[in-house]
1. Of the numbered conditions (1) within 28 Å of the chain's Cα centre (by Cα); (2) assigned to a helix (DSSP H, G or I), residue 420 satisfies every one except a single condition; which is it?
2. Take residue 565 and tell me if it is crowded, with 16+ Cβ neighbours inside 10 Å, in the same structural domain as residue 597 (by TED's automatic domain parsing) and either part of a loop (DSSP other than H, G, I, E, B) or not hydrophobic (A, V, I, L, M, F, W, C) (or both).
3. I'd like the residue in the stretch 93-113 that is in contact with a helix residue (DSSP H, G or I) (Cβ under 9 Å, 6 or more places away or on another chain) and at pLDDT below 95 and, out of all such residues, is nearest to ligand 1 (Cβ to nearest atom).
4. Return the residues of the stretch 294-333 that are part of a loop (DSSP other than H, G, I, E, B), of a type outside the set (A, V, I, L, M) and within 27 Å of residue 160 (Cα to Cα); say none if nothing qualifies.
5. Taking the stretch 61-82, which residues are within 16 Å of ligand 1 (Cβ to nearest atom), touching a helix residue (DSSP H, G or I) at 6+ places or on another chain (Cβ under 8 Å) and free of Cβ contacts under 8 Å to residues at least 60 places away in the same chain?
6. When the residues of the stretch 412-427 are filtered to those that are more than 16 Å from ligand 1 (Cβ to nearest atom) and at pLDDT 95 or above, which remaining residue is surrounded by the most Cβ atoms within 10 Å (Cβ to Cβ)?
7. Return a yes/no flag: does the stretch 70-80 have any residue that is outside the structural domain of residue 384 (by TED's automatic domain parsing), surrounded by fewer than 19 Cβ atoms within 10 Å (Cβ to Cβ) and among the charged types (D, E, K, R).
8. Name the residue that is nearest to ligand 2 (Cβ to nearest atom), counting only residues in the stretch 397-411 that are under 27 Å from the mean Cα position of the chain (by Cα) and crowded, with 16+ Cβ neighbours inside 10 Å.
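The values are calculated or read from the model by the stated rules, or taken from the named source; none is laboratory data. Note that the structure is a prediction, hence the values are computed from the model and not measured. With ideal geometry, Cβ positions are generated from the backbone for all residues, glycine too; neighbour counts draw on all protein chains shown.
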Amino acid sequence: MATKNNNKQNTEKTGNKKRAKAPAKKVKKTAAKVSAAAKKPKTKAKPAAQAWKKAGKAPFRIIPLGGMKEIGKNCTLIECNDEILIIDCGLAFPEYEMFGIDIVIPDFTYLKENSEKVKGLIITHGHEDHIGAIPYLLQEISVPVYASPLAMGMIDHKLEENYLSCERHVIKAGDVIRLGNFAVEAIQTNHSIADALAYSIKFPGGHVFHTGDFKIDYSPLDGKVIDLNRFSQLGDEGIDVLLCDSTNVLRKGYTPSEAVVRRSIDEIFDNTERRIIIATFASNVHRIKYFIEASMKHHRRIAVSGRSMENVLALSKSLGYLDDIPESVFVDVSEIKNLADKNITIITTGSQGEPMSALTRMAYDNHKSVKLKKNDVVVFSSSPIPGNEKVISQIINRLYEKEVEVVLASAMDVHVSGHASSEELKLVHTLLRPKFFMPAHGEYRHLVEHAKLSHALGQPKDHIFLLGNGDALEVNDSKAEVVRGYTSGEDVMVDGYGIGDVGSVVLKDRKTLSQSGLITISVALDQATGSLMSEPKLNTRGFVFVEEHMDLINEAISVVYNTIGKSTSNGALDEASLSRAIRSDMKTFIYNTTKRNPMIIPVILYV
Ligand SMILES: [Zn+2]
Ligand SMILES: [Zn+2]
């Protein structure tokens, strides 16, 4: 796992979620930009596309800062003629061994160094792995952001929490916007969140097509089918480089439609008079709307539990996604005790076993208003994100202990993926027929399999490029090559207010502390003679329970006596060498007697 240790950054300046306030100047400046932008949107439909056709081809490069060989922190740059366009700016959740890390973001050094070139940030959709790092980017550079209504609502919420603002433009499928010399067209796709977009980007260097996260759904809940007609037209026009979602390349066949979920939900509602509790992703607004509609049909009122679920629902209402749902069907979760079980649906967070989520609190009897009852029906309308399987199965076991009926996607179609399976990918490749192909949004195995899929459809091997984060694909008319390590593609870890100040050394210490604990050894020495003024003191944390291991502690203290005696007779009295000697002797003693390697910290006082 690549890590980054960058102590240069000022942690106070770059504080995140609990930030007290951002520099007032910055906010004022950007706020003025927002009002100017609101009056005059930069949307020019046809001239932009025509300008591209007239222009000759300039060399360009594509630089993924994140999202390659990982599922998370998607962020890709297109750079041509001293102009940079950013596609997505997401975060990743920490891996198992990143102790105490809250989130991981891309390294924005290249963007900071080239900030005057940046023309805009375009967002494919509102998932965290595509928008989660925007507040961190905006603390470094000022950039106009373009996103569909739901994604922009989510971005607004993040910026408010961080006392940030930016020039913002809400766009929808079919819009063509001009950012410097980039003509960007937004194209309707389907995904597990409303308003997901693919982008066709035409500029003096050529034509890049970025699918974003997508699947092909002929019967999506909002009726907006992926615009395959436009995919086909743009394929006919000629695409130089395709970046395509690789998440589900290992799955055979087609990803089922959201309509499948609708049928399963109907079946559950038709067949029970018990309380129904549904855990799902807050951002899947259309699916949540269907849960509400099914509840209404069965005379159930809806209680919503969990902060992110409440936030997204409020946002969906304000954007008009829930216009035909009367406010009276909702009931505060504290009021459900007054309703019969058959009249209650609870929609909740916690489908990923998040420790503080509403469902976890219900499972562990910590929820203020919901006490689970025997025969309650709990539906997981989700699949575990890799890495979360264990905590989710712990919660499921708790639910079973409560004799709750648990419905999982593995047994009933209460969840479908939002990503295209291999047959859908084949269709998209066939429609777009790019000159060069760069698999994106996937772990390494996904990228490799996607490359194979593309080759099997006729793409020459030397026209397929597997990039890592920080690599660049340099394209010059009909030639393309990869420059490895063009810029830093390393992980930047965020811990509390600190961005990038926790690197591999700190993580290694955290690992040692978590695995073997800590021993401190305090000794007070006479300044003049170097002799001990009192008995050395040992303190331990996470090592052994001292009261039960007094023999070991006493032996360890005698080791310290020996080391000090030996060092004094050798004349090694300075603090550093004495400290080294104590640490080394103690490490050997502890390892030989316990086969453990705790962190050992000598503290030497001269009095
Ligand atoms: Zn997504
Ligand atoms: Zn994604």
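1. Condition (2) is where residue 420 drops out.
2. no
3. For the stretch 93-113, the residue satisfying everything is 93.
4. The answer is 306, 320, 321, 323, 332.
5. Of everything in the stretch 61-82, just one residue is within 16 Å of ligand 1 (Cβ to nearest atom), touching a helix residue (DSSP H, G or I) at 6+ places or on another chain (Cβ under 8 Å) and free of Cβ contacts under 8 Å to residues at least 60 places away in the same chain, namely 72.
6. Step by step, filter the stretch 412-427, then rank; the result is 422.
7. no
8. Filtering the stretch 397-411 for residues that are under 27 Å from the mean Cα position of the chain (by Cα) and crowded, with 16+ Cβ neighbours inside 10 Å, the one nearest to ligand 2 (Cβ to nearest atom) comes out as 409.
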